[in-house]
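Working notes for the structure below.
Bear in mind that the values in this text are calculations on the coordinates, not laboratory data. Note that the structure is predicted; figures quoted are calculated from it, not measured. A quick note on method: Cβ atoms are made from the backbone with ideal geometry, for glycine too, and the neighbour counts reach across all protein chains shown.
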Amino acid sequence: MTSPVWHPFTQHGLNEPVPLVARAQGAALFTQDGRRVIDAISSWWVTTHGHCHPRIVAAIRDQAETLDQMIFAGWTHEPAEALARELVAMMPPPLAHVFYSDSGSTSVEVALKMALGHFANRGEDRSRIVVMADSYHGDTVGGMSVGARGVFSRSYAPLLFDVDVIPFPAPGAEQDTLDAFERLCRTRPAALIVEPLLLGAGGMKIYPPSVLRGLRDLCAAHGVLFIADEVMTGWGRTGTLLACEQAGVVPDLLCLSKGLTGGAVPLAVTMATREIFESHWSTDRAKMFFHSSSYTANPIACAAARANLAIWREEPVRARIADLAARQAVHAAALDGVANNIRQLGTVVAMEVETAQGSYMSELAPRLMAQFRARDVLLRPLGNTLYVMPPYCISDADLALVYAAIGAVLGG
Ligand SMILES: *Cc1c(COP(=O)(O)O)cnc(C)c1O
């Protein structure tokens, strides 16, 4: 029996197994055939507090019975109003406005459009975007345009717009990145978009806060808008609520999604400074921000996000994150000699499995994934990069099982 479902990032021609999951709880997925699988990548980086957190589930249930969905252009509802107030209170002060959308990719598209709209409305000729090599900002056309190019974007290249690329700040070459950006600043670009401190899909590459701060300072000095794509790094992943905090920087535009609802339902926001909001504020309708999607600020998703924020305010989330980071560090240290370039930022541990010139298409990743699946552990390497990014609630026993599986698969 073949399924009509066309899965993302899946080559159906290889007939690799696609396990059927029936339910989830905490850090575990339960398959239809009765297996308990440890979700060691937080279901692709979205699940923060754990699957089916009771407060988020309750918020979704209550909201679904009250107001399910409504138009958001020219109308509003309390879950969106309250969530926006709570986000503004929680995030750094200059980020005073909240624009809703439904995915990380869309929050990036919105940020790019706001940056260009900002300068267009002010009559300034600035439209180029600067990006960091090896970045990932989503799979929509704008997101692909500002992300690293590769086999995954080759067929669609004619759709993509040109950007200026600064090198990844590799150890010892941090100044080259800053110098390259300073040179580009003189060409008056509109914006720089970065993943703060940790490049996710580009291979879990970590760079120091000093570089992020240097980039931010250059943006400020040259009037370039600084867009922080914290879609993956936000909500505690890197040890702090935002990765930007560790560099003491605040962006002009902030993209958040994934953990915004605790990972339960899709929602995204692009937060903007008053200045960017005000450049769109006019009696001239031609200067409004031209963007919407049908489910903008879906009330059920907003209610889930409010529950997430309440969990952050009322539960010891920061302590859980610090504890998970410490536990991850102990396990990572024990892998010394089994993998190369073992590195950690907050709750994320990454390592290289083979130094040989592996590529994204190498057979290594699917082979490893299958071996972990056989051990009831969900891990999905990025090329030769293996990483562990569990929900914050993962137990000591489950984390030990994940690392035992890594030790066995890589060591054997
Ligand atoms: C996942 C991700 C995106 C895209 O988010 P989607 O919700 O998958 O569209 C954008 N930027 C970064 C940094 C991401 O990790």
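In summary, the lysines within cross-link reach of Lys258, defined as a Cα separation below 20 angstrom excluding same-chain residues under 8 places away, comprise Lys205. Here the Kirkwood formula puts the hydrodynamic radius of region 51-105 at 13.2 Å, using every distinct Cα pair. Rounded to the nearest 5, the antiparallel percentage of DSSP beta bridges internal to region 167-258 is 20%. Using a Gaussian network model of the chain whose springs link C-alpha atoms within less than 10 Å, name the residue from Asp125, Asp39, Asp229 with the highest mean-square fluctuation. Between Asp125, Asp39, Asp229, it is Asp125 that shows the largest mean-square fluctuation. Highest GNM mean-square fluctuation among Val131, Val151, Val402, for the chain modelled with Cα contacts below 10 Å: Val151.
Computed over the alpha-carbon pairs of region 357-412, the distance histogram in 10 Å steps reads 24, 53, 20, 3 percent, short to long. Within a straight-line Cα-Cα reach of under 12 Å, Lys287 can be paired with the following aspartates and glutamates, leaving aside sequence neighbours fewer than 8 residues apart in one chain: Glu278.
Peptides 243-252, 290-299, ordered by how many other C-beta atoms sit within 10 Å of their residues on average, highest first, read 243-252, 290-299.
Calculated translational diffusion coefficient of region 277-403 (25 °C, 0.890 mPa s; Stokes-Einstein with Kirkwood radius over alpha-carbon pairs) equals 134 µm²/s.
For Ser101, the amide hydrogen comes within under 5 Å of the amide hydrogens of Ala268, Val269, Thr270, Ala297, counting only partners 5 or more places away or on other chains and with H modelled in the peptide plane. Annotation: amide H of Ala96 within the under-5 Å range of Ala272, Thr273, Arg274, sequence separation 5 or more or interchain, hydrogens built in the peptide plane. Sequence-ordered 3J(HN,Hα) estimates for region 65-75 from the Karplus curve with 6.51, -1.76 and 1.60 and θ = phi - 60° stand at 7, 9, 8, 7, 6, 7, 4, 10, 7, x, 10 Hz, glycine and proline given as x.
Within the listed set Lys287, Lys205, Lys113, the Gaussian network model of the chain (springs between alpha-carbon atoms below 10 Å) gives the highest mean-square fluctuation for Lys287. Using θ = phi - 60° in the Karplus curve 6.51 cos²θ - 1.76 cosθ + 1.60, the 3J(HN,Hα) couplings for region 250-262 round to 10, x, 7, 9, 10, 9, 10, 7, 5, x, 4, 9, x Hz; x is entered for Gly and Pro. For region 33-147, the calculated P(r) over all alpha carbon pairs, in 10 Å bins from 0 to the bin holding the longest distance, is 10, 25, 37, 20, 7, 1, 0 percent.
Close amide H partners of Val377, meaning residues 5 or more places away or on another chain with modelled amide H under 5 Å apart, are Ile38.
Could you work out how far the C-alpha centroid of region 19-33 sits from that of region 51-93, in angstrom? After rounding, the separation between the Cα centres reads 27 Å. The Cα trace of region 256-335 gives Rg and Dmax of 18.8, 62 Å, the first to one decimal, the second as a whole number. Most simply put, the chain has about 65% antiparallel DSSP beta bridges, counting only bridges with both residues inside it. Ranked from largest, the principal axis spans of the Cα set of region 1-56 equal 39, 24, 18 Å.
Quick one: in region 307-356, what % of C-alpha pairs are over 12 Å apart? When every Cα pair of region 307-356 is considered, 66 percent fall beyond 12 Å. More than 35 Å apart: what percent of Cα pairs in the chain qualify? So the portion of pairs separated by more than 35 Å is 27 percent. From helices alone, the chain scores -11000 deg cm²/dmol at 222 nm; the rule is -39500 (n - 2.57) for each run of n ≥ 4 DSSP H residues, then divide by the residue total.
Computed from the Kirkwood radius of its Cα pairs, the Stokes-Einstein diffusion coefficient for region 205-269 at 4 °C and 1.567 mPa s stands at 104 µm²/s. Each DSSP beta bridge with both residues in region 239-356 is either parallel or antiparallel, and the antiparallel ones are about 90%.
Eigenvalues of the alpha-carbon gyration tensor of region 109-198, scaled by 5 and square-rooted, set the equivalent ellipsoid semi-axes at 21, 19, 11 angstrom, largest first. Note that region 398-410 has calculated 3J(HN,Hα) couplings of 5, 5, 4, 5, 4, 6, 5, 5, 4, x, 5, 5, 6 Hz, one per residue in order, obtained from phi through the Karplus relation 6.51 cos²θ - 1.76 cosθ + 1.60 (θ = phi - 60°); glycine and proline are x.
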